[in-house]
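Trainee: Quick one: the structure is below, questions incoming.
Every read-out reported here was derived from the displayed coordinates using simple, explicitly stated rules and does not represent laboratory data. Only a predicted model underlies this, so the values are computations on that prediction, with no experimental measurement involved. Glycine also receives a Cβ, built like all others from the backbone with ideal geometry; neighbour counts cover every protein chain displayed.
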Amino acid sequence: MNKKIFVRNFPFASTKQDLEALFESSGKIIDIYIPFSKETGSNRGFAFIEFSTPEEMENALLMNGKNFNGRTIQVNIAKNDRTKKTSFNYK
């Protein structure tokens, strides 16, 4: 069962520690992944957060629509269909 959430619309100045502090009340956080812009060096305004259990992930979904540093965040279940990079197959 899925244990990851997708969080978006948080401030570009937010750090991993900021998100950890925001979501730690939901349960034990296993991993936080925040993509960064190569051009600006700031985060891209979204992140993936993995919890230790599906129940903790469900708790985190309750943060959807909450205000975080002046912005209304959106929290959804992360999709597990991310494709992995593979080598090219030539015919």
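Trainee: Full-extension gain between Glu58 and Lys28, please, as 0.36 nm times their residue separation minus the C-alpha to C-alpha distance.
Mentor: 9.6 nm
Trainee: Here is a follow-up. For the chain, what is the calculated [θ] at 222 nm in deg cm²/dmol (nearest 500), taking -39500 (n - 2.57) for each run of four or more DSSP H residues and dividing by its residue count?
Mentor: -4500 deg cm²/dmol
Trainee: Over the stretch 28-67, what is the relative contact order in percent, taking alpha-carbon pairs closer than 8 angstrom and at least six residues apart?
Mentor: Normalised by residue count, the contact order of the stretch 28-67 is 38 percent.
Trainee: Looking at Gly41, Phe68, Phe12, which one has the Cα that reaches farthest to the positive end of the dipole of the chain (charges on Cβ: Lys, Arg +1; Asp, Glu -1)?
Mentor: With unit charges placed on the Cβ atoms, the residue in question is Gly41.
Trainee: Of the lysine pairs in the chain, how many meet both conditions: Cα atoms under 28 Å apart, and a spacing of 8 or more in sequence or different chains?
Mentor: 26
Trainee: Which whole-number percentage describes the relative contact order of the stretch 4-77, with Cα contacts under 8 Å and a sequence gap of 6 or more?
Mentor: Computed over the stretch 4-77, the figure is 43 percent.
Trainee: Looking at the square roots a ≥ b ≥ c of the eigenvalues of the Cα gyration tensor of the stretch 31-79, which shape do they give, rounded for a/c under 1.5, prolate if a/b is larger than b/c, or oblate?
Mentor: oblate
Trainee: Further question: Percentage of Cα-Cα pair distances in the stretch 1-84 greater than 22 Å, rounded to whole percent? Don't jump to the answer; show the numbers that get you there.
Mentor: Values: 702 of 3486 pairs.
The proportion of pairs with Cα distances above 22 Å equals 20 percent.
Trainee: Within the stretch 15-39, name every residue whose backbone N is under 11 Å away from a label modeled 7 Å from Cα of Thr72 along the Cβ vector.
Mentor: none
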